[in-house]
Each structure stands twice: as structure tokens, then as C-alpha cells.
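Reviewing the structure listed below.
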Amino acid sequence: MLADDCFRHRCKGEPGINRRVRKTGYTRGERAYRFAEILGYENTPRQMLDRWLHSGINRHRMLHRDFRDVGVGVGWGAPVAGQDDSRFTTYTVVVGWRRP
């Protein structure tokens, strides 16, 4: 995302989230699973969390009681072309559940 200035769930030339999560082995051997991705960039982790908690869909994903697992990716900068991103950090969170 950062290298390509792409702030989307699926950037050009990248596989979708289903393929990316399956590639990790998270779903191997499971008969049921579900996951969701949450993206954002902000100045501090606290500001990012506050922004997500004030967004209906992101709040729902973060607090959904079925999601038991979490993966977090963090990168310095913002995935927006032409913007001074030196103050920002970009966060990618994947929440999920699985059942054998």
C-alpha cells in the first residue's frame, strides 16, 4: 500500500484478501471461517483507534463478538500520493474466526 500510494483493500496487481489470508494457512483444515480487514492511517495509535471507533463499519468489525483472532500490520507513512506523510503511520488490521 505504502510503496504504491494505494489506500484500498485491494491494490492493483495484488490478490484479494481471501487469497492473502488463505496463503497464511489461517483457514487450512477449517470448515468455517470469516474475516474482515480494517485500514487506516493517523498520527498516533490512539488517534487511529478513536477514528475507527467512531466509524460504524470499523467499530462493528472491531467489536464483533465472533471475531477471536487478530493480525496487525504497521508501516511508516501514509498511502496517499503527493501528501507529506512523515507524520503518519498506516495500520492494517485483519480480524477473524474459524471453526474446525
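The values are calculated or read from the model by the stated rules, or taken from the named source; none is laboratory data. No experiment lies behind these values; they were computed from the predicted model shown. Positions of Cβ are backbone-derived with ideal geometry, glycine not excepted, and every protein chain shown enters the neighbour counts. Ligands, DNA and RNA are excluded from the accessible area calculation, which covers all protein heavy atoms including side chains. Shrake-Rupley method; radii C 1.70, N 1.55, O 1.52, S 1.80 Å.
A few points about this structure:
- Of G25, V74, N43, farthest towards positive along the dipole that unit charges on Lys, Arg, Asp, Glu beta carbons give the chain: G25
- With R₀ set to 25 Å, the beta-carbon distance separating H60 from Y33 gives a calculated FRET efficiency near 0.85.
- Structure remark: mean-square fluctuation, Gaussian network model of the chain, C-alpha springs under 10 Å; the largest value among R61, R51, R22 belongs to R22.
- Using Cβ point charges alone (K and R +1, D and E -1), the dipole size of the chain about the Cα centre works out to roughly 720 debye.
- Helix-only mean residue ellipticity at 222 nm for the chain, each DSSP H run of n ≥ 4 adding -39500 (n - 2.57), per residue, nearest 500: -6500 deg cm²/dmol
- Applying a DSSP loop filter and a limit of 14 other Cβ atoms within 10 Å to the GluC sites (Glu not before Pro) in the chain leaves E30.
- In this simple spin-label model, placing a label point 7 Å from the Cα along the Cα-to-Cβ direction at both R99 and I17 gives a separation of 2.0 nm.
- Volume of the Cα convex hull of the chain, divided per residue and given in Å³: 99
- Probing with 1.4 Å while keeping every protein chain in the model, the per residue accessible area of the chain equals 70 Å².
- Considering only D66, D84, D50, the mean-square fluctuation computed in a Gaussian network model of the chain, springs between alpha carbons under 10 angstrom, is largest for D84.
- Additional length obtainable on full extension of the chain from D84 to R8, 0.36 nm per residue less Cα span: 25.5 nm
- Here the dipole of segment 56-100 is about 380 debye; that uses its Cα centre as origin and unit charges on the Cβ of Lys and Arg (positive) and Asp and Glu (negative).
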